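Undergrad: The structure under discussion is supplied below as structure tokens; questions concerning it will follow.
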Amino acid sequence: MLFEDLATELVSHVFLSCSSVADVLALSSTCHRFRQIYSSSQKLTILEHAAETQFGPLKDLTQLLTHNASQPAHIPRFVPFSIALLKQIAHSGRVAEKWCDIYPFKKWKSNFEHRRLLTTNERYRVRRALYRLWLYTHAFHNRAFPRDTRVMKLTIQKRAGLLHNWSTAELAEIADVHAVLREVIHSNVCPSNGTIARKFKKRFPENESQQLLFNIHLNYPPPNNASSLFQSQYHSSPNVLSNHFHSTSAFNSRYGLAKFMPTPYHEPGAEGWGDDIPHYYVVEDMLKLDPEQIMWLKENAPLKGQVEMFVKRLGDWFENNGETWGQTLEWVLEERGEDVGEILGAVADGDLGIAIFEH
């Protein structure tokens, strides 16, 4: 029997077996009959099932997409599935899928002999942890929570209320993904002086006499002259077509490759964000960015000046105001009577978290 001659019930089962929204749409476009079956009363059910398989868990993603300041973040929200919600799900889900692809490279950066692809179940857990961490960032890393409120007991209890929704094992998974985000910021978005020097020597091993001049002014937002210099150097043309090119990945890749090229107008050492303690506090500040913002900076802001300009637009509340996830996690674990050091150590060693080897 030809596929198009199958019973309607069987075709509906095929629709419900699709593992992505794109597969559903492609199947519904094959013929008029399949389009009619898809457009029946099962349309939203089919799309929801495919979205759950591709971007799930939708329960946690929906909590993120529907959150606003009108109610506490820890209270569950239930909304009906719709096409408008699906568009938001697809946007955030694609960001989560990018983090699933990055996870093995950052998780096993040092012991790369253990690096492997994640299983379907592990990718699901990465997305779940990322959505929950994203919700925390969206709820508590904003201008409503400035630096002077971070240690207030009432504020800590609000943050802890969200973490209490999840078990200790689930918190360990979130801490594992949080470490991956930290590594991306540490190595790619805001590399230290040592990282810049190491990558420079790797690209120019024959030029051992070249000395890098590192910036000692590490506080952001940057001085006005630095921003104007960046604008004049990379965005000086008023031409519309030129401005469009400057926003493309080809433009960013071009200057990403030139990041370590010493020229009369560019010193590679200026791309460093400091050493040891100064760099640690820079990373702590940048961890207030949500996963989508971090991914955007990784892909579209190869130069330090671009990152500084992005941060400057966020407002003064962002400066010198570190993230609060780690502090809140320790508070919750102590309330539960858990050994904080043991759990965090197990996450760092790989004994807890997402990628636990299956024997």
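The values are calculated or read from the model by the stated rules, or taken from the named source; none is laboratory data. Values in this document were obtained by computation on a predicted structure and should not be read as measured data. Virtual Cβ from ideal backbone geometry, glycine too; neighbours counted across all protein chains shown. Note: areas computed on protein heavy atoms with side chains; ligands, DNA, RNA excluded. Shrake-Rupley method; radii C 1.70, N 1.55, O 1.52, S 1.80 Å.
Undergrad: Kindly indicate the residue of region 265-317 that is aromatic (Phe, Trp, Tyr) and in contact (Cβ under 8 Å) with a residue 60 or more places away in the chain and also nearest to Lys202 (Cα to Cα) among those meeting that condition.
TA: Residues of region 265-317 that are aromatic (Phe, Trp, Tyr), as a first pass: 265, 273, 280-281, 296, 310, 317.
Subset that is in contact (Cβ under 8 Å) with a residue 60 or more places away in the chain: 273, 317.
Numbers: Trp273: 19, Trp317: 38 Å.
Applying the filter and picking the extreme gives Trp273.
Undergrad: Next question, about the same structure. What pairs come out if I take residues in region 321-347 that are more than 26 Å from Leu289 (Cα to Cα) and of a type in the set (Ser, Thr, Tyr) and pair them with residues that are outside any loop (DSSP other than H, G, I, E, B) and modelled with pLDDT under 80 whose C-beta lies under 7 Å away, six or more apart or interchain?
TA: Sorted first by the residue in region 321-347, then by its partner, the list stays empty.
Undergrad: Right, something else. Evaluate the following for Asp290: is it over 23 Å from the mean Cα position of the chain (by Cα), modelled with pLDDT of 75 or more and open to solvent by 20 Å² or more (accessible area, probe 1.4 Å)?
TA: On the way: over 23 Å from the mean Cα position of the chain (by Cα): no; modelled with pLDDT of 75 or more: yes; open to solvent by 20 Å² or more (accessible area, probe 1.4 Å): yes.
Spelling it out, it is not the case that Asp290 is over 23 Å from the mean Cα position of the chain (by Cα), modelled with pLDDT of 75 or more and open to solvent by 20 Å² or more (accessible area, probe 1.4 Å).
Undergrad: If we keep just the residues of region 99-110 that are more than 14 Å from the chain's Cα centre (by Cα) and among the basic types (Lys, Arg), which is most open to solvent (accessible area, probe 1.4 Å)?
TA: Looking at the filtered set, the residue picked out is Lys109.
Undergrad: Further question on the same structure: Considering each residue of region 139-150, count those that are surrounded by fewer than 17 Cβ atoms within 10 Å (Cβ to Cβ) and touching a residue at least 24 places away in the same chain (Cβ under 8 Å), and give that number. Before you say what the answer is, go through the steps one by one.
TA: In the first step, residues of region 139-150 are kept if they are surrounded by fewer than 17 Cβ atoms within 10 Å (Cβ to Cβ); the result is 142-144, 146-149.
So of that shortlist, the ones also touching a residue at least 24 places away in the same chain (Cβ under 8 Å) come out as 142-144, 146-147.
Counting residues in region 139-150 that are surrounded by fewer than 17 Cβ atoms within 10 Å (Cβ to Cβ) and touching a residue at least 24 places away in the same chain (Cβ under 8 Å) gives 5.
Undergrad: Among Glu113, Glu170, Glu183, Glu122, which is the only one that is surrounded by fewer than 12 Cβ atoms within 10 Å (Cβ to Cβ) and in a helix (DSSP H, G or I)? Break it down into steps so the answer makes sense when it comes.
TA: Details: Glu170 fails: surrounded by fewer than 12 Cβ atoms within 10 Å (Cβ to Cβ); Glu183 fails: surrounded by fewer than 12 Cβ atoms within 10 Å (Cβ to Cβ); Glu122 fails: surrounded by fewer than 12 Cβ atoms within 10 Å (Cβ to Cβ).
Just one listed residue meets the conditions, Glu113.
Undergrad: It is to be established whether one or more residues within region 80-87 are touching a helix residue (DSSP H, G or I) at 6+ places or on another chain (Cβ under 8 Å), part of a helix (DSSP H, G or I) and hydroxyl-bearing (Ser, Thr, Tyr).
TA: Checked against the condition, which is being touching a helix residue (DSSP H, G or I) at 6+ places or on another chain (Cβ under 8 Å), part of a helix (DSSP H, G or I) and hydroxyl-bearing (Ser, Thr, Tyr), region 80-87 yields no hits at all.
Undergrad: For region 136-143, state whether one or more residues are closer than 15 Å to Thr62 by Cα and in contact with a His (Cβ under 9 Å, 6 or more places away or on another chain).
TA: Yes, some residue in region 136-143 is closer than 15 Å to Thr62 by Cα and in contact with a His (Cβ under 9 Å, 6 or more places away or on another chain).
Undergrad: Which count do you get for residues in region 311-330 that are surrounded by 18 or more Cβ atoms within 10 Å (Cβ to Cβ), part of a helix (DSSP H, G or I) and of a type outside the set (Ser, Thr, Tyr)?
TA: 4
Undergrad: Sticking with this structure for a sec: Filter region 293-307 down to residues that are at pLDDT 90 or above and crowded, with 19+ Cβ neighbours inside 10 Å, then give me how many there are.
TA: 4
Undergrad: Please go through region 26-43 and give me each residue that is surrounded by 14 or more Cβ atoms within 10 Å (Cβ to Cβ) and not hydroxyl-bearing (Ser, Thr, Tyr), ordered by number.
TA: So in region 26-43, the residues surrounded by 14 or more Cβ atoms within 10 Å (Cβ to Cβ) come out as 27-28, 34, 37-38, 42-43.
Leu27, Phe34, Ile37, Gln42, Lys43 - these are the residues of region 26-43 that are surrounded by 14 or more Cβ atoms within 10 Å (Cβ to Cβ) and not hydroxyl-bearing (Ser, Thr, Tyr).
Undergrad: What number goes with the only condition from (1) closer than 30 Å to Leu163 by Cβ; (2) surrounded by fewer than 12 Cβ atoms within 10 Å (Cβ to Cβ) that Met1 does not pass?
TA: Unmet for Met1, out of (1) closer than 30 Å to Leu163 by Cβ; (2) surrounded by fewer than 12 Cβ atoms within 10 Å (Cβ to Cβ): (1).
Undergrad: While we're looking at this one, here's another question. Looking only at region 58-78, which residues are open to solvent by 70 Å² or more (accessible area, probe 1.4 Å) and among the aliphatic types (A, V, I, L, M)?
TA: Hit for region 58-78 is Ala69, nothing else.
Undergrad: Please go through region 8-25 and pick out each residue that is open to solvent by less than 20 Å² (accessible area, probe 1.4 Å) and assigned to a helix (DSSP H, G or I).
TA: Val11, Ser12, Phe15, Val24, listed by residue number.
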